[in-house]
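Readers should treat all values here as calculations from the given coordinates under stated rules, not as data from a laboratory. Because the structure is predicted, anything quoted here is derived from the model rather than measured. Glycine gets a Cβ as well: all are built from the backbone with ideal geometry, and neighbour counts include every protein chain shown.
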């Protein structure tokens, strides 16, 4: 398992003061104390990154004024005329690997 670069991750989260303080601690030595705390720092960094991503999506959904969050997991294919296999295949976005385009066409009869 590769060791995460705490300084880089702190700066990526725009926590420059903490990044400088971490770099100073590493520079001063005492690695035993730092290494024993590294797991906590890495866990907190991961939690902060995840929280920021979730809040960003929430903010974007609110800004887009979508009435309700919907995803494929909650889609009822039984009452819809769409092709389940096609939709789940498109949901993987595998077509982007080959740089293929997808054109979706629908009318009022599919707008329910």
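Worth pointing out:
- The simple Förster model, with R0 at 35 Å and r as the Cβ-Cβ distance, assigns residue 95 and residue 39 a FRET efficiency of 0.30.
- Inter-label distance, nm, simple model (7 Å from Cα along the C-beta direction), residue 20/residue 47: 2.6
- Spacing of the two label points (7 Å from each Cα toward its C-beta) at residue 86 and residue 102, in nm: 1.2
- Distance between the modelled labels on residue 12 and residue 57, one decimal in nanometres: 1.8 nm (7 Å Cα→Cβ projection).
- Given in Å, the Rg to one decimal and the Dmax to the nearest whole number for the Cα atoms of segment 6-110 are 22.5, 68.
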